[in-house]
Each structure stands twice: as structure tokens, then as C-alpha cells.
Amino acid sequence: MSFEIIIGIEIHCELLTKTKMFSTAPVGFGEIANTNVSVVDLAHPGTLPSVNKDAIAKALATSHALHCEIDSLVKFDRKNYYYSDLPKGFQITQQFHPIGKNGYIVTENGKKIRINRIHMEEDTAKQFHEYDGTAIDFNRAGTPLIEIVTEPDIRSAEEAMDYVNTLRMILEYLGVSDVKMEEGSLRCDINISLRPFGYEGFGTKVEIKNMNSISNIEKAIHYEVKRQSEIILAGEEIIQETRRYDDDARITVSMRKKEGSVDYKYFPEPNILPIRLDQNWIDSIIHHLPELPSAKKKRYLELGLSEYDAKILSSSKKLSDFYDNVLENTAEAKLAANWIMTELLAYLNKNNETIQSMKLQALHLAMMVEMIAKNEISGKQAKEVFEEILKGENPKTVVENKGLVQESNESIILAYVLEALNENPQSIIDYHNGKDRAIGFLVGQVMKKSQGKANPAMTSRLVKEELDKQK
């Protein structure tokens, strides 16, 4: 690569509120078109906006989680432009007084990326371009948004993906958004430019709008870097423009040229007076913030989990909440993690289920883990129990009904061992001739005699002890 890649990212995040930013209309995805609207959203004459307190609380939570300076004086501005998805002819936003600024985020892979600003605004309506015209659904108009803008600190597609993934996790843990990119509740605009290594200035910036998946972010950046590199090496100039990513063709496509900075004629929103937030209210919001992914991962490492397990279990709030619920009823952190990481995740993937939709209860998994740890059931028996608790059954009931209680009485197991040795004298000879597989054979015989109930570890130990006595 002949050039250094310079990337900045703007993320529009729909807030998980019951009503819209400046009206009482409900917020919802997938509703019948133009049913979640009010006269305020449609800009009927004489209507006035009213600020959503919950949206401000969620913006404050995000600002604190991303280490931003919080502005306790909330002011809104008008961004003036005429487009069919903007019924008022302007958007209410925060151009001059963002609620958060000068923050940063440390990604999963340890990269520190500066956050320029976080500001609140309202979403636009959604357009559908049909064969004979354009249809507009105003359900989305007025939905509360926060826009999170980075400094141009990202240097590769991989770092961009890592940043978006880390931010998504934080927003999900905070509960401020459902972060569903496929539904548009998290939309990503990527600004890309190239410059020679060692050069301090910036090249001409190209914006790629509305990326809707992590994988497309990677593909779009790789393509755009290749496209810009070829243009520069050919002695031509990069055109400042807005492009979109065509997933089918796997290329970026020009949407519109940018001749210069657009003049939106910003001015203070006259219908919303400045609001001074009470510091006690701000402190209360910060005090009640949930444990964030980085802190949760650190706690899991302290419990003895591997780096990999801790990363996977903390990567999803729903998964980590389930694991934490299991740990409320067992101290076997590693054993519980193993069952979740292997058997449970495999089951969910195979059956296309989720943590929310499955019937397995955290308490039941914890009970089963305790039974394994206390040698009440073997690992093999546990798999049979696990199949039943996935259906919502109580593990103790399953063990009783199926007669799966593990035999850990040493005297009883020793009797089985002596029987197996008496019936298989050749295995004794094989062992003393250095054939260690004889132990496995004899353990298998004991397991048959006990109908699979003998404690495997105890059985193996007793078999070896008795063989050694017969030297």
C-alpha cells in the first residue's frame, strides 16, 4: 500500500424510547406505514415540539460511557434544507451545543479512538422508491437519534469494524438502543481519504453513506481504498462526493458530488428554550449505569475464565446476563462457562434460537453444573440431562426419573473393579506388559456393570491401584 488510510466514522443511533424526540407519537419498527405519527411529526401549522426527557437521559448515559465532557445546558438548533423526507423543511439538531464532546473509546483490540462529539437530533421519514414514484413512511420521522462522530483516527477496515463492534456492544449494554443495523436503528457513514505516509495534511474526503452491516463496512472500505489508490496513481484527482455501497456488485457508487460545504443556515431553535439540566439528575443517571463490556470481561477473567471465553461471554449483553444469572446459583464459573460456550451456543446455532426464545432456565443449568461438580452425575450423564433441561425440565427431576444418579461410593465401585479383573485376566497381563490401553478396557467393563453410573475418575483410579497391587 502506497498510502496511509484515514477514516472517520459518523454513527446515527436510534434511541430506544417509547415516544419520539419532540412529540408523543409512539416509536416502533415494522408498523403499518404512517400510523406512528402525530401532527407535530407532520409539521402541521401551529404545532410545537416538546423535548423527550428519556432521550436526553440516554444521550447523557452514552456521553459518560464514551468519556465525553457533558454539557448540562441543552440547546437545539435548526438545520435548514428541503427534502421530501423532512416534513418541516428543517431538522431539529444540536449543531452548536452537543450534549457530549472530546471523548474517546478503547476498542476490543486496544485501539483508542477519539470521539469529537455526540449530539441529539430527530430522524427523517423513510422513502421507498417505487417504479412509478416515491412513497414516504412518516413512522420514522421524529424518532430520537444521537449522532456519534469520531476524529479521523481509524487507519484500516479492520480498525473500523472493531470500532463499530465495540460501540455497538457499549450501546447495547447501556440499553440506549437495540443497535439492529439491519433495521436501521444503527446507521454508519464512513469518511475515507488517502495520504502519502509521513504527510501531515489530509487528502480529499469521500463519504460512504448508510452502511448497514459490519461485513459491508469491511468490503466498502477495501473497495474504496483500492479505487482511490488507482485514481491517485493514475495522476488524477479524487472527487469529493457522497457514495453508497452496492452489496450485489460489491462496489461503491456515486450518489452526489460535493462542490463545497453545504450551508444549512443553522440558527437556534426558537420553539425550544435552553434547558439547564439538574446536576443531581445527571449524577443519578451516571450512578445507575450498568456494568459495561470491558468491566464485565475483566470480572470474568478474575473468575478464572480464559481470554477467549471472557471475550465471547461479554460480547452480547443477553448472553452475559444469562451467564451472570447462572453464577447467582453456582460458584463453578469455569464449568458453567464451558457448558454455555460449547453445548448451549451449539444448540442455539443449530436450532436458530436465541437466549430470549429458548426454554432453558439459568437456575436449571446452575443446578446441573452443581450436580456435576459434586460428582452426583457424570459428564456423559450430564449431556443426557442437558437435553431435557433445554426443554424446560428441572435437572433433579430428570435425574430421578431416568435413574441417572452417579455412583461415587468407593466400596461399591471397588467391587465392580474386582469383578472386572477376575473376568479379564489377560488385561492384567497386558497392563504389566506396558499396554496402558488395558486400563481403558477395564474401566469400560466397570461402567457396563454399573450401567454407566460409576464415577469415571474414581473408577480409573481404583482400576490402576488394583492392577499395581498384582505385580
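What follows is calculated from the coordinates using simple rules that are stated; it is not laboratory data. Just so it is clear, the structure is predicted and the values come from calculations on it, not from any experiment. Because the Cβ atoms are built from the backbone with ideal geometry, glycine has one as well, and the counts that use them run over all protein chains shown.
Sort 188, 68 so that the residue with the fewest other Cβ atoms within 10 Å of its own Cβ comes first and the one with the most comes last.
On the way: 188 26, 68 23.
Listing 188, 68 from fewest to most nearby Cβ atoms yields 68, 188.
Can you sort 120, 458, 368, 169 from fewest to most other Cβ atoms within 10 Å of each residue's own Cβ?
458, 169, 120, 368
Within the stretch 84-116, name every residue whose backbone N is under 12 Å away from a label modeled 7 Å from Cα of residue 281 along the Cβ vector.
In the stretch 84-116, the label zone of residue 281 (backbone N under 12 Å from the point 7 Å along Cα→Cβ) covers no residue.
Treating the beta-carbon of each Lys and Arg as +1 and of each Asp and Glu as -1, no other charges, what is the dipole magnitude of the stretch 315-471 about its Cα centre, to the nearest 20 debye?
320 debye
Could you state the number of Å between the C-alpha centres of the stretch 332-358 and the stretch 131-200?
Going from one Cα centre to the other spans 30 Å.
Taking the highest mean first, how do the peptides 295-308, 343-356 order by number of other beta carbon atoms within 10 angstrom per residue?
295-308, 343-356
Round to the nearest 0.05 the FRET efficiency obtained for residue 384 and residue 328 when R0 = 22 Å and r is the Cβ-Cβ distance. Display every interim value, and only then the final one.
Details: r = 25 Å, r/R0 = 1.14.
So the FRET efficiency works out to roughly 0.30.
Sort 200-206, 71-77, 327-333 by the packing proxy (mean of other Cβ within 10 Å over each peptide's residues), most packed first.
Top to bottom by mean Cβ count within 10 Å: 71-77, 327-333, 200-206.
How many angstrom lie between the C-alpha centres of the stretch 106-123 and the stretch 412-471?
Result: 62 Å between the Cα centres.
Report relative contact order for the chain in percent, whole number only (criteria: Cα-Cα under 8 Å, sequence separation at least 6).
Numbers: 818 pairs, mean separation 62.3, N = 471.
Relative CO of the chain lands at 13 percent.
Can you tell me which lysines have their Cα less than 19 Å from the Cα of residue 448? Leave out same-chain residues fewer than eight positions away.
Answer for residue 448, where 19 Å is the Cα cut-off: 380, 383, 402, 464, listed by chain and number.
Return one number: the angle in degrees, 0 to 90 and rounded to the nearest 10, between the long axis of the Cα atoms of helix 157-174 and the longest principal axis of the Cα atoms of the chain.
Tilt relative to the chain: about 80 degrees.
Rounding to the nearest 20 debye, state how big the charge dipole of the stretch 3-281 is about its Cα centre with +1 on each Lys and Arg Cβ and -1 on each Asp and Glu Cβ.
My answer is approximately 560 debye.
Show that you can apply the helix-only estimate: for the chain, add -39,500 (n - 2.57) for every DSSP H stretch of four or more residues, divide by all residues, and state [θ] at 222 nm to the nearest 500.
Theoretical 222 nm ellipticity from helices: -12000 deg cm²/dmol.
Any idea how far the Cα center of the stretch 239-284 sits from the one of the stretch 32-56, in Å?
Between the Cα centres of the stretch 239-284 and the stretch 32-56 lies a distance of 20 Å.
Across 10 Å bins from 0, what is the distribution of all Cα-Cα pair distances for the stretch 338-391, in whole percents?
23, 59, 17, 1
Please enumerate, by chain and number, the aspartates and glutamates with C-alpha under 18 Å from the C-alpha of residue 219, excluding those fewer than 8 residues away in the same chain.
Once the sequence-local aspartates and glutamates are set aside, what remains near residue 219 is 4, 10, 158, 159, 162, 182, 189, 207, 230, 246, 247, 248.
If neighbour count is taken as other Cβ atoms inside 10 Å, put 281, 339 in order from fewest to most. Intermediate values should be presented prior to the final figure.
Numbers: 281 14, 339 20.
By the 10 Å Cβ count, ascending: 281, 339.
Counting only pairs 8 or more places apart or on different chains, how many lysine pairs in the stretch 226-360 have C-alpha atoms closer than 22 Å?
So the count works out to 24.
Bin by bin, in steps of 20 Å, what percent of the Cα pairs in the chain do you find, going until the bin that has the longest distance?
Values per bin, smallest distances first: 19, 40, 24, 14, 3, 0.
Hey, if you put +1 on the Cβ of every Lys and Arg and -1 on every Asp and Glu Cβ in the chain, which of 450, 412, 84 ends up farthest toward the positive end of that dipole?
Comparing the listed Cα positions along the dipole, 412 ranks first.
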